[in-house]
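**Student:** Sharing a structure below in structure tokens format, with a few things to ask.
The values are calculated or read from the model by the stated rules, or taken from the named source; none is laboratory data. In this text the structure is predicted, and so the values were computed from the model without any measurement. Using ideal geometry, Cβ is built from the backbone for each residue, glycine included, and neighbour counts are taken over all protein chains shown. Accessible surface is based on the protein model in full, side chains and every heavy atom, while ligands, DNA and RNA are left aside. Shrake-Rupley method; radii C 1.70, N 1.55, O 1.52, S 1.80 Å.
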Amino acid sequence: MHKLLIKNIGRLQTPVGSFSHRGEQQGENHKLDKAAVLIENGVIKEITSDGRLPQGGEESADMVVDAEGKLVTPGLVDGHTHLVFGGYRQHEIPLKLKGAGYLDILRAGGGILDTVKKTREASEEALYEKSRAFLDEMLSLGVTACEAKSGYGLDLATEVKMLQVIKKLDEQHPMDLAATFLGAHALPREYEGRGDEFIDMMCAEVIPYVKERNLARFCDVFCEDSVFDVQQSRRYLKCAAEHGFELKIHADEIEDIGGSRLAGELRAVSAEHLIAIGEEGMKALTEAGTTAVLLPATSFYLGKPYAPARAMIERGIPIALATDFNPGSCPSLNLQFVMNLGYLRDRLTPEEILTAVTINPACAMGMGDTIGTLEPGKQADLVIWDAPDMEMLCYRFGSNPVWQVIKKGELII
Ligand code: IZC
Ligand code: ZN
């Protein structure tokens, strides 16, 4: 039996419970001062506070980490990434600076379609190596689990190639990954003007194939003006649900065309983006218990407004904050920066933010029973921060205050 003791924790802060937290619960964190954590075989065995040590004290542990009075939180969870992609899109910046919008670039055959071309050309090995390096960087920033979407193939072979990369990374990298099949991310050139036929093909061929091989638990669609309309999104997601997928939806990123109402109607696990959500969309999410995954670094990068986070909390919608890491609208995988924006732009409190980057995304990834909080019985994923409290983490930006990262009870950073 391997026992690791972390002692001398100045403050241990964590949400509690394995469910998604909404309304006032979003801001409820346990704060234990002078705490210690005993980890046995990768699982949290006991947490103590006020200077007491867990049973057996220091002698019974194989290894002792002195946290030197610092802050400890659960490992961060990034609930929305486009982790696997070919190429980059830095050539779009001059176009953007001249006034081209995100959808203008996509309509002109660039944007997502540019990444599709490069992802189709890339080998599985090259995509694996590139994504593995991203995961290493995420770990160094305190992220211990993430969601990863396909969606730069838009054909059977490339979607499967991407999902196989995600599956291998989940097996071979310390990061825990939740795979999302995003077959309806854009209309590929070969289907130009034939959106309904593309959805037919996805439903007949790709959705059943991906499910049979168990390559993804979730299915997602980009429901947006000039991408997939509500009817197409509904047909695709209903087909996915019939095949046993849980649903996610890119909704109201640029325009409110009814994506969040559809998320509510289909009882999606999560609706993501929501910059342009209206009152009816919020009502639908509240009633369905759908988690709102907000991506403020995308608002920052596109120069767009921020999703109405406070109104969502008031309406009892559980909130997660994620990066949206992708080569176009958010080429950053830094969830700490997202926490800064959650504080200053979304106006969430540090407690609400911690919930939004731990248990709420964990639940939206189907992992709420094992990760997302620090409690006995949960997997020992935690970060020791070179900071005294969450306020400091949300206030400082641009440097990396990670001191140590512990993943499944192993010191890895
Ligand atoms: O590559 O542009 N919004 N999909 C929907 C994205 C952003 C990713 C991209
Ligand atoms: Zn996205």
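**Student:** Take the residues of the range 1-56 that are without any contact (Cβ under 8 Å) to a residue 60 or more places away in the chain and in contact with a Leu (Cβ under 7 Å, 6 or more places away or on another chain): which is nearest to THR370 (Cα to Cα)?
**Tutor:** LEU38
**Student:** Got at least one residue in the range 200-217 being within 16 Å of ligand 1 (Cβ to nearest atom), at pLDDT 95 or above and not polar (S, T, N, Q)?
**Tutor:** Within the range 200-217, none of the residues are within 16 Å of ligand 1 (Cβ to nearest atom), at pLDDT 95 or above and not polar (S, T, N, Q).
**Student:** Here's a follow-up. When you go through (1) more than 29 Å from PRO388 (Cβ to Cβ); (2) away from ligand 2 (no atom under 16 Å from the Cβ) one by one for ARG89, which number turns out not to apply?
**Tutor:** With respect to (1) more than 29 Å from PRO388 (Cβ to Cβ); (2) away from ligand 2 (no atom under 16 Å from the Cβ), ARG89 is out only on (2).
**Student:** Here's a check for you: in the range 248-263, which residue that is open to solvent by less than 10 Å² (accessible area, probe 1.4 Å) and touching an Asp or Glu at 6+ places or on another chain (Cβ under 8 Å) is farthest from ligand 1 (Cβ to nearest atom)?
**Tutor:** Per the stated criteria, the residue is SER260.
**Student:** Within the range 150-159, restricting attention to residues that are within 16 Å of ligand 1 (Cβ to nearest atom) and assigned to a helix (DSSP H, G or I), which residue is nearest to the chain's Cα centre (by Cα)?
**Tutor:** GLU159
**Student:** Suppose we filter the range 105-153 for residues that are in contact with a strand residue (DSSP E or B) (Cβ under 7 Å, 6 or more places away or on another chain) and closer than 30 Å to GLU192 by Cα; how many remain?
**Tutor:** 5
**Student:** Tell me, which strands (runs of 3 or more DSSP E) wholly within the range 53-92 include 3 or more residues that are closer than 30 Å to THR291 by Cβ?
**Tutor:** Correct list: 71-74, 76-78.
**Student:** Also, I was wondering about something else. Can you tell me which of (1) in a strand (DSSP E or B); (2) farther than 22 Å from MET339 by Cα; (3) of a type in the set (Asp, Glu) is the one GLU147 doesn't meet?
**Tutor:** (2)
**Student:** Could you identify the single residue in MET392, MET312 that is modelled with pLDDT of 95 or more and outside the structural domain of LEU177 (by TED's automatic domain parsing)?
**Tutor:** MET392
**Student:** What tally of residues in the range 346-387 results from selecting those that are more than 14 Å from THR144 (Cα to Cα) and among the basic types (Lys, Arg)?
**Tutor:** Here the count works out to 1.
**Student:** A further question follows. With the requirement that a residue be surrounded by 18 or more Cβ atoms within 10 Å (Cβ to Cβ) and part of a helix (DSSP H, G or I), what does the range 207-227 give you?
**Tutor:** ILE207, VAL210, LYS211
**Student:** Among the residues in the range 81-99, are any open to solvent by 10 Å² or more (accessible area, probe 1.4 Å), over 30 Å from HIS250 (Cβ atoms) and not basic (Lys, Arg)?
**Tutor:** No - not one qualifying residue is present in the range 81-99.
**Student:** Which of the residues belonging to the range 305-331 are over 15 Å from the mean Cα position of the chain (by Cα) and hydrophobic (A, V, I, L, M, F, W, C)?
**Tutor:** ALA307, ALA309, ALA311, MET312, ILE313, ILE317
**Student:** Further question: Out of GLY56, GLY69, GLY10, I need the residue that is touching a Gly at 6+ places or on another chain (Cβ under 8 Å) and surrounded by fewer than 17 Cβ atoms within 10 Å (Cβ to Cβ). Which one?
**Tutor:** Just one listed residue meets the conditions, GLY69.
**Student:** Could you check, for the range 186-198, whether at least one of its residues is assigned to a helix (DSSP H, G or I), hydroxyl-bearing (Ser, Thr, Tyr), more than 16 Å from ligand 2 (Cβ to nearest atom) and in contact (Cβ under 8 Å) with a residue 40 or more places away in the chain?
**Tutor:** No, there is no match, as no residue in the range 186-198 is assigned to a helix (DSSP H, G or I), hydroxyl-bearing (Ser, Thr, Tyr), more than 16 Å from ligand 2 (Cβ to nearest atom) and in contact (Cβ under 8 Å) with a residue 40 or more places away in the chain.
**Student:** Now for a separate question. So how many residues does the range 107-127 have that are surrounded by 15 or more Cβ atoms within 10 Å (Cβ to Cβ) and not in a helix (DSSP H, G or I)?
**Tutor:** Looking only at that region, the number is 3.
**Student:** A further question follows. I need every pair where a residue in the range 315-343 that is within 20 Å of HIS185 (Cα to Cα) and outside the structural domain of ALA148 (by TED's automatic domain parsing) has its Cβ under 8 Å from the Cβ of a residue that is more than 11 Å from ligand 2 (Cβ to nearest atom) and open to solvent by 10 Å² or more (accessible area, probe 1.4 Å), sequence separation at least 6 or different chains.
**Tutor:** Pairs that qualify, where the first residue is within 20 Å of HIS185 (Cα to Cα) and outside the structural domain of ALA148 (by TED's automatic domain parsing) and the partner is more than 11 Å from ligand 2 (Cβ to nearest atom) and open to solvent by 10 Å² or more (accessible area, probe 1.4 Å): there are none.
**Student:** A further question follows. Please go through (1) part of a loop (DSSP other than H, G, I, E, B); (2) in contact (Cβ under 8 Å) with a residue 24 or more places away in the chain for THR180 and return the number of the only condition it doesn't satisfy.
**Tutor:** (1)
**Student:** Also: Are any of the residues in the range 276-284 at pLDDT 95 or above and within 16 Å of ligand 1 (Cβ to nearest atom)?
**Tutor:** Yes, some residue in the range 276-284 is at pLDDT 95 or above and within 16 Å of ligand 1 (Cβ to nearest atom).
**Student:** Right, here's the next one. Give just the number: which of (1) farther than 14 Å from ILE277 by Cβ; (2) under 14 Å from the mean Cα position of the chain (by Cα) does PHE300 not satisfy?
**Tutor:** All conditions pass for PHE300, except number (2).
**Student:** Here's another thing I want to ask about it. Do we have any residue at all in the range 275-285 that's within 14 Å of ligand 2 (Cβ to nearest atom) and either open to solvent by 30 Å² or more (accessible area, probe 1.4 Å) or among the basic types (Lys, Arg) (or both)?
**Tutor:** no
**Student:** Further, regarding this structure: From the list MET162, MET138, which residue is under 30 Å from ASP33 (Cα atoms), open to solvent by less than 30 Å² (accessible area, probe 1.4 Å) and not in a loop (DSSP other than H, G, I, E, B)?
**Tutor:** It is MET138.
**Student:** Okay, next question. Here are GLY372, GLY409: which of them is more than 20 Å from the chain's Cα centre (by Cα) and either closer than 27 Å to GLN172 by Cα or free of Cβ contacts under 8 Å to residues at least 60 places away in the same chain (or both)?
**Tutor:** Result: GLY409 is the single residue among GLY372, GLY409 that is more than 20 Å from the chain's Cα centre (by Cα) and either closer than 27 Å to GLN172 by Cα or free of Cβ contacts under 8 Å to residues at least 60 places away in the same chain (or both).
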